[in-house]
Amino acid sequence: MQEKIYLRPLCLNDVSEKYLSWVNDPYITEYLGIGKKCLKYQDLVKYVEDSPKNGRYNFAVITKNSKNHIGNCSIYSINQENKKFEIGWFIGDKNFWGGHYSTMVIFYLHKIGFLKMGLKKCIGYVDKKHVKARMTNKFAGYKEIGRENRRMEKENITTTNITLEITKREWLANAKKLHVQYPELYII
């Protein structure tokens, strides 16, 4: 049986050698916005401290029974005028890759954004080559609304980003389906 997860605010105690190893592992960060930087402990401390000032809500992804910190996620780019937001996440502990962990993270981020923060639409972006994330987003209820080529100068490559969106109404409909299929994992 897959272990359940919960999200809690990311704090300075979460900045650890484990977290640092995740963000410096090119296989984990291949499709994340941090690029190929070599981050240091102090970079993570600054990120955790500065995020609330920048309107970014960061969460640690924790397993319910074993209390393992297995990844991080965020709600950011909140536009109160049009009630839109973006999310980001990664599962850093490779022992938890697969299963429903990423989908559960998306589910709970949407639950926070739509139900607790009163937002109406979540916009997402995924690299065309990131097949697993595309499948996860589709399972989570996103629909594709566009594509855009993007040049990454430092890596000297061009990528295609797929723009996705899900509305609160669409999320609620999908959340009900997920809850019926997997009642122990997706609690509305």
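Given the alternatives [x] 1, 7, 16, 20, 21, 18, 12, 4, 1, 0; [y] 1, 7, 15, 18, 18, 16, 11, 7, 4, 2, 1, 0; [z] 1, 6, 11, 14, 13, 10, 8, 6, 5, 3, 3, 3, 3, 3, 3, 2, 2, 1, 1, 1, 0, 0, 0, P(r) over Cα pairs in 5 Å bins from 0, in percent as computed for this entry is given by [x]. Pairs from the table (Lys18/Lys116; Lys83/Lys177; Lys129/Lys176; Lys18/Lys138; Lys84/Lys116) lying more than 22 angstrom apart at Cα are Lys18/Lys116; Lys83/Lys177; Lys129/Lys176; Lys18/Lys138. In whole angstrom, how far apart do the alpha carbon centroids of the range 98-164 and the range 30-85 sit? Each part's Cα centre sits 15 Å from the other's.
For the chain, give the magnitude of the charge dipole about the Cα centre (Cβ charges: +1 Lys/Arg, -1 Asp/Glu; no others), in debye to the nearest 20.
Working: 32 positive and 19 negative charges, 113 e Å.
The dipole of the chain has a size of about 540 debye.
Taking 7 Å along the Cα-to-C-beta vector as the label spot, tell me the Phe139-Lys176 distance in nanometres, rounded to one decimal. It works out to 2.2 nm between the two label points. Classify the range 99-152: rounded, prolate or oblate, from the alpha-carbon gyration tensor (a ≥ b ≥ c, eigenvalue square roots; a/c under 1.5 rounded; otherwise prolate if a/b is larger than b/c)? Since a/c reaches 1.5 but b/c is at least a/b, the shape of the range 99-152 is classed as oblate. Annotation note: GluC sites (Glu not before Pro) in the range 13-103 located in DSSP loop regions with a Cβ neighbour count of at most 16 within 10 Å are Glu30, Glu81. Taking Tyr19, Tyr27, Tyr47 as the candidate residues, the one with maximal mean-square fluctuation in a Gaussian network model of the chain, Cα springs under 10 Å, is Tyr27.
Note on the range 36-136: percent of Cα-Cα distances in each 5 Å bin, starting at 0 and stopping at the bin with the largest distance, equals 2, 11, 19, 22, 21, 16, 7, 1, 0. Rounded to the nearest 500, the helix-only mean residue ellipticity at 222 nm of the chain stands at -8000 deg cm²/dmol, with each DSSP H run of n ≥ 4 adding -39,500 (n - 2.57).
Each reported figure results from applying straightforward, stated rules to the coordinates on display, with no laboratory input. All values reported here derive from a predicted model rather than from experimental measurement. So basically every Cβ, Gly included, is an ideal-geometry build from the backbone, and we count neighbours across all protein chains shown.
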